[in-house]
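Structure, as structure tokens:
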Amino acid sequence: MTHGEIYPAHVLLDEDGVVTGVLDWTTARVDDPARDFVIQYGAAGEEMLRVTLAAYVDAGGRVHDGLAAQVEHLWNAAPVGYALFALITEKESDLATAAAMLDPQH
């Protein structure tokens, strides 16, 4: 099971910084476990991904060989997913954002 959008707005922490909950499971599904690490990679890069995966293992998670590479590939493919979303919504703002994300000069 993956959440799909683990980022600060969806994570509840106590005063000591311990995770106490995760909100908004609307994008949850049985899927590639790399999905739950993509936003962290995109926001903070490869070193933070290594730290995050190590903490995940320390908490009992299992990381298969190649998971970090999968995360990077999913991040690189994210503009295509957003473009598909924009084609569905047909909102000018979504289409403009998708065009900017797909622009190799961006």
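The values are calculated or read from the model by the stated rules, or taken from the named source; none is laboratory data. Everything numeric in this text was worked out from a predicted model, so none of it was measured. Every residue, glycine as well, gets a Cβ built from its backbone with ideal geometry; the counts of neighbours run over all protein chains shown. In case anyone asks, the SASA skips ligands and DNA or RNA and just uses the protein heavy atoms, side chains included. Shrake-Rupley method; radii C 1.70, N 1.55, O 1.52, S 1.80 Å.
Highest GNM mean-square fluctuation among Asp14, Asp36, Asp65, for the chain modelled with Cα contacts below 10 Å: Asp14. Mean separation of Cα pairs under 8 Å and 6 or more residues apart, divided by the residue count, gives the chain a relative contact order of 21 percent. Taking all protein chains in place and a 1.4 Å probe, what share, in percent, of the accessible surface of the chain do carbon and sulfur account for? Roughly 60 percent of what the probe reaches on the chain is carbon or sulfur. Taking the chain as a Gaussian network of alpha-carbon nodes connected by springs under 10 Å, the highest mean-square fluctuation of the residues Leu84, Leu53, Leu74 belongs to Leu84.
If you look at the Cα atoms of the chain, you get an Rg and a Dmax of 15.4, 44 Å.
Net charge in the neighbourhood of Thr27 (other residues with Cβ under 10 Å of its Cβ; Lys, Arg +1, Asp, Glu -1) is -1. Extension gain, Leu102-His10: 0.36 nm per intervening residue step, less the Cα-Cα distance, totals 30.5 nm. Summarising the label geometry, the points placed 7 Å from Cα in the beta-carbon direction at His64 and Ile88 lie 2.6 nm from one another.
Any chance you could run the full-extension gain for Ala28 through Val80? It's 0.36 nm times the residue separation minus the Cα-Cα distance, nm to one decimal. Numbers along the way, then the final one.
Working: separation 52, 0.36 × 52 = 18.72 nm, distance 1.96 nm.
Stretched out fully, the Ala28 to Val80 stretch lengthens by 16.8 nm.
What angle do you read, to the nearest 10 degrees and between 0 and 90, between the alpha-carbon axis of helix 38-58 and the longest principal axis of the chain? For helix 38-58, the angle is close to 20 degrees. Rounded to the nearest 10 degrees, the inclination of helix 92-102 to the longest alpha-carbon principal axis of the chain is 70 degrees. Accessible area per residue for the chain, computed on protein heavy atoms with a 1.4 Å probe, is 70 Å². Just checking the listed ones, Ala96, Ala28, Ala43: in the Gaussian network model of the chain with Cα springs under 10 Å, the one fluctuating most is Ala96.
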